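Asker: Structure in structure tokens, see below.
The values are calculated or read from the model by the stated rules, or taken from the named source; none is laboratory data. Source: prediction; values computed, not measured. Reconstructed Cβ throughout: ideal geometry from the backbone, glycine too, with neighbour counts over all protein chains shown.
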Amino acid sequence: MSRYAPVNFPDVKLEGKFWHERLETVLTRTIPSQHRKLGEYGILDSLKLPNPPPPLRFPRHPNGFTVQVFWDSDVGKWIEAASYALAHRRDADIEANIEAAIDDLEKAQAPDGYLNCWYLGREPDKRWTNLRDNHEFYNAGHLLEGAVAYFRATGRRRFLDVMERYLDHIYARFGTGPGQTRGYDGHEEIELALMKLYYLTGDRKHLDFATYLINERGRQPPHYFDVERDLREGGDSKQRYVFGNYEYSQSHKPVREQDKVVGHAVRAMYLYTAMADLAAELGDPALKRACEVLWNDVMETKMYVTAGLGPSAHNEGFTHDFDLPNQTAYAETCASVALIFWAQRMLHLDLDGKYADILELAMFNGALSGLSRDGEHYFYANPLESDGTPTRWDWHTCPCCTMNVSRLVASVGGYFVSTSPDGVAFHLYGGISTQVDVAGTKVALREVSTYPWNGEIAIHVDPASPATFDLKLRIPGWSNGAKVSVNGQALDVAEAVNGYLTINRQWTNGDVVNLDLPMPPVRLYAHPGVIMDAGRVALKRGPLVYCLEEVDNPGGRVQRLKLPRTSQLRAETRADLFDGVVTLKAEALAINEADWNTLYRTTPPVDERATLTALPYYLWSNRGQGSMVVWVPESQQ
């Protein structure tokens, strides 16, 4: 397994325009506006355990469920994102808001350590009775991630102490020991949070409990959720589970036996992230193999071209192989963010560029599309085609995606570079600087580029003293004709292994590595099993997937456009659009609807010449309503 570990994001300075702009937007607009929304919707007040509790903001569904049971998790994610912001730049207001939330959580905590504001405030007699649906572990996991992030940013451990008291309560109640409950949560999350805490503290008990949760999941008979249901409802009252079976929560069989990705997409990605963490930490080959099998299933049959995951709104997740509808795509922002988590863990198992390729694809497309340019509007679902109806919203009844995308952007620097005792690996490009310890010396690294708009990259390597070590450069899977040189001397890119070119030499101050990644626009075609995309083509340049938006293609809905197979795609720099982007243009055909006055007719439509303009997908729906399409009909003309 790989010995490489990511450089912590506070140690990576984002200097390139693309990510610097996104980071500044999140720091100055997204995180403050999210805190305001948490207040407006009563989520922050819920931490105070008002007595009597106010009426529900979001009424119960017919099955008795309300999304308010997740409110603790929303606070935890906001604290995590805000803590990442503090790691970049201390802000007294943000810090005060975090401290106020911690005050309330500390006061709310029960004497025995239990901490869940829904149950403490509304149903204290029902604690630990419905992990299947109400997710006390899930809430605890996001609070724990917030506590770890705040400690790393400030060195203050009050919130961490609160959460460790809660964990002691959980560890005493759950497990395989005498008198313990062999339970786990319906929504995975705490598993990966526990791994973060273990990496921070080195305390084995956190690793052990994460291991227990992974090993216990799906064990049967009896199935834990059946046991819990019978205790909750009585042996003679077995209400049908709304999702029919336990594939929804990836608990239908033990994790090492799972070979198909099923159920709720975000839950699956969180589970696989923790599985990969444990496979690396424990050196568990069976767990590693399960991760690889599941990864291949996603890549070969279930992922949108944008790295979106989960076609169905019904289960917020997966259905069957090659089911990838465009206009009704769910492709939850959270799922792409979680795919990035999983991809990073898989990458550090083997340092295989195929994982970095997907990490990059999800980052630039499936995840970043969830956040507007102004930083205050969002997409929960990310369709690949629109009739103009969907619009970005300023909040959501279940606002998980809002903080998920902000915590990703605020910590994006942590995905660029990894180190080992004798090497440095670059996974992403975009203009960064950092200093690392490698081969017994400090090495200053500065990567200069305008990526993703251009593939001309320069890496300045400045060791404090001459040192011999590996410098590994990711050569993206989408690239063709990459060139690399060191101090002007060309290297053979064909020597790259698993997507990385290794340069081993004695490095001295002033060395410069140049990497040139040509970025011609290309057409992508879907597997024939994806019947929704038959006869259609998607456009891509470098790591960016493109789409057609009505605002750039006036004259009607973009679905009227067809791209001839013989048309040349042209990249065009637009300094006037979104502070500078690269669009794609091509000669196209457009169906003339002017003479169409009936629903059906016997004569074919008439095509007319048109010019097609495509925009990076992540930018769609930032200029008002209008139609959009990723997969464009291809004409043989």
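Asker: Counting only residues that are surrounded by fewer than 15 Cβ atoms within 10 Å (Cβ to Cβ) and either assigned to a strand (DSSP E or B) or touching a His at 6+ places or on another chain (Cβ under 8 Å) (or both), how many does segment 572-586 have?
Answerer: Selection size over segment 572-586: 3.
Asker: Condition check: among the hydrophobic types (A, V, I, L, M, F, W, C), surrounded by 18 or more Cβ atoms within 10 Å (Cβ to Cβ), closer than 17 Å to Leu271 by Cβ and at pLDDT 95 or above. Does Ala331 satisfy that?
Answerer: Details: among the hydrophobic types (A, V, I, L, M, F, W, C): yes; surrounded by 18 or more Cβ atoms within 10 Å (Cβ to Cβ): yes; closer than 17 Å to Leu271 by Cβ: no; at pLDDT 95 or above: yes.
It is false that Ala331 is among the hydrophobic types (A, V, I, L, M, F, W, C), surrounded by 18 or more Cβ atoms within 10 Å (Cβ to Cβ), closer than 17 Å to Leu271 by Cβ and at pLDDT 95 or above.
Asker: Next question, about the same structure. Where residues in segment 1-46 are among the basic types (Lys, Arg) and modelled with pLDDT of 95 or more, which of them is farthest from Gly76 (Cα to Cα)?
Answerer: First, the residues of segment 1-46 that are among the basic types (Lys, Arg): 3, 13, 17, 22, 29, 36-37.
Remaining after also requiring modelled with pLDDT of 95 or more: 13, 17, 22, 29, 36-37.
Values: Lys13: 25, Lys17: 30, Arg22: 22, Arg29: 19, Arg36: 15, Lys37: 14 Å.
Only one residue tops the list, namely Lys17.
Asker: Do we have any residue at all in segment 196-203 that's assigned by TED's automatic domain parsing to the domain that holds Ala286, among the hydroxyl-bearing types (Ser, Thr, Tyr) and crowded, with 16+ Cβ neighbours inside 10 Å?
Answerer: Restricting attention to segment 196-203, the residues satisfying the condition of being assigned by TED's automatic domain parsing to the domain that holds Ala286 are 196-203.
From the residues that got through so far, the ones that are among the hydroxyl-bearing types (Ser, Thr, Tyr) too are 198-199, 201.
Retained after the next criterion (residues that are crowded, with 16+ Cβ neighbours inside 10 Å): 198.
Scanning segment 196-203, I find at least one residue that is assigned by TED's automatic domain parsing to the domain that holds Ala286, among the hydroxyl-bearing types (Ser, Thr, Tyr) and crowded, with 16+ Cβ neighbours inside 10 Å, so the answer is yes.
Asker: A further question follows. I'm checking my understanding of the structure. Among residues of segment 55-67 that are closer than 23 Å to Ile79 by Cβ and either in contact with a strand residue (DSSP E or B) (Cβ under 7 Å, 6 or more places away or on another chain) or of a type outside the set (A, V, I, L, M, F, W, C) (or both), which one is surrounded by the fewest Cβ atoms within 10 Å (Cβ to Cβ)?
Answerer: Arg57
Asker: Among the residues of segment 429-452, write down those that are of a type in the set (A, V, I, L, M, F, W, C) and over 15 Å from Glu15 (Cα atoms). Outline the logic, then answer.
Answerer: So in segment 429-452, the residues of a type in the set (A, V, I, L, M, F, W, C) come out as 432, 436, 438-439, 443-445, 448.
Residues satisfying the conditions are Val436, Val438, Ala439, Val443.
Asker: Can you name the strands (runs of 3 or more DSSP E) wholly within segment 395-457 that have at least 3 residues being surrounded by fewer than 21 Cβ atoms within 10 Å (Cβ to Cβ)? Let's see the steps before the verdict.
Answerer: Numbers: elements: 417-420, 423-426, 432-438, 441-448.
By residue number, 432-438, 441-448.
Asker: State which residue is farthest from Tyr378 (Cα to Cα) when the search covers only segment 1-54 and only residues that are touching a Cys at 6+ places or on another chain (Cβ under 9 Å) and among the hydrophobic types (A, V, I, L, M, F, W, C). Working first, answer last.
Answerer: Filtering segment 1-54 down to residues touching a Cys at 6+ places or on another chain (Cβ under 9 Å) leaves 46-49.
Subsequent filtering for residues that are among the hydrophobic types (A, V, I, L, M, F, W, C) retains 47, 49.
On the way: Leu47: 25, Leu49: 29 Å.
Ranking the qualifying residues of segment 1-54, first place goes to Leu49.
Asker: Only one of Ala381, Ala307, Ala338, Ala367 is surrounded by 19 or more Cβ atoms within 10 Å (Cβ to Cβ), within 21 Å of Asp533 (Cα to Cα) and in contact with a helix residue (DSSP H, G or I) (Cβ under 9 Å, 6 or more places away or on another chain); which? Full working, then the answer.
Answerer: Values: Ala381 fails: surrounded by 19 or more Cβ atoms within 10 Å (Cβ to Cβ); Ala338 fails: within 21 Å of Asp533 (Cα to Cα); Ala367 fails: within 21 Å of Asp533 (Cα to Cα).
Result of the check over Ala381, Ala307, Ala338, Ala367: Ala307.
Asker: Next up: Determine which single condition Thr273 fails, assuming it passes every other condition in (1) modelled with pLDDT under 95; (2) not in a loop (DSSP other than H, G, I, E, B).
Answerer: Going through the list (1) modelled with pLDDT under 95; (2) not in a loop (DSSP other than H, G, I, E, B), Thr273 breaks only (1).
Asker: Under 6 Å between Cβ atoms, which residue pairs at least 6 apart in sequence (or on different chains) link something in segment 61-74 that is of a type in the set (A, V, I, L, M) with a partner that is in a helix (DSSP H, G or I)?
Answerer: Matching pairs, first to second residue: Val69/Trp118; Val69/Asn134.
Asker: Please count how many residues of segment 4-61 are within 19 Å of the chain's Cα centre (by Cα) and part of a loop (DSSP other than H, G, I, E, B).
Answerer: 2
Asker: Let me ask another. So, in segment 281-291, of the ones that are buried (at least 16 other Cβ atoms within 10 Å of the Cβ) and without any contact (Cβ under 8 Å) to a residue 60 or more places away in the chain, which residue ends up farthest from Val262 (Cα to Cα)?
Answerer: Filtering segment 281-291 for residues that are buried (at least 16 other Cβ atoms within 10 Å of the Cβ) and without any contact (Cβ under 8 Å) to a residue 60 or more places away in the chain, the one farthest from Val262 (Cα to Cα) comes out as Asp284.
Asker: A further question on this structure: Among the listed residues Leu615, Leu589, Leu619, identify the single one that is under 24 Å from Val530 (Cβ atoms), surrounded by 12 or more Cβ atoms within 10 Å (Cβ to Cβ) and in contact with a Phe, Trp or Tyr (Cβ under 7 Å, 6 or more places away or on another chain). First the steps, then the outcome.
Answerer: On the way: Leu589 fails: in contact with a Phe, Trp or Tyr (Cβ under 7 Å, 6 or more places away or on another chain); Leu619 fails: under 24 Å from Val530 (Cβ atoms).
On inspection, the qualifying residue turns out to be Leu615.
Asker: Which residues, taken from segment 604-614, are at pLDDT 95 or above and either touching a helix residue (DSSP H, G or I) at 6+ places or on another chain (Cβ under 6 Å) or not in a strand (DSSP E or B) (or both)?
Answerer: Of everything in segment 604-614, just one residue is at pLDDT 95 or above and either touching a helix residue (DSSP H, G or I) at 6+ places or on another chain (Cβ under 6 Å) or not in a strand (DSSP E or B) (or both), namely Thr613.
Asker: Please give the number of the condition Tyr600 fails out of (1) outside any strand (DSSP E or B); (2) among the aromatic types (Phe, Trp, Tyr); (3) within 23 Å of His527 (Cβ to Cβ).
Answerer: So the condition that Tyr600 fails would be (3).
Asker: Then there is this: Of the residues Val405, Val409, Val424, Val417, which single one is of a type outside the set (Lys, Arg) and free of Cβ contacts under 8 Å to residues at least 60 places away in the same chain?
Answerer: Values: Val405 fails: free of Cβ contacts under 8 Å to residues at least 60 places away in the same chain; Val409 fails: free of Cβ contacts under 8 Å to residues at least 60 places away in the same chain; Val417 fails: free of Cβ contacts under 8 Å to residues at least 60 places away in the same chain.
The conditions single out Val424.
Asker: Any residue at all in segment 538-560 that's of a type in the set (S, T, N, Q), at pLDDT below 95 and either in a strand (DSSP E or B) or outside the structural domain of Gly430 (by TED's automatic domain parsing) (or both)?
Answerer: No, there is no match, as no residue in segment 538-560 is of a type in the set (S, T, N, Q), at pLDDT below 95 and either in a strand (DSSP E or B) or outside the structural domain of Gly430 (by TED's automatic domain parsing) (or both).
Asker: Could you pull out the residue among Ala101, Ala110, Ala85 that is assigned to a loop (DSSP other than H, G, I, E, B), touching a Leu at 6+ places or on another chain (Cβ under 7 Å), at negative phi and assigned by TED's automatic domain parsing to the domain that holds Thr402? Give the steps one after another, and end with the answer.
Answerer: Numbers: Ala101 fails: assigned to a loop (DSSP other than H, G, I, E, B); Ala85 fails: assigned to a loop (DSSP other than H, G, I, E, B).
Going through Ala101, Ala110, Ala85 in turn, the sole match is Ala110.
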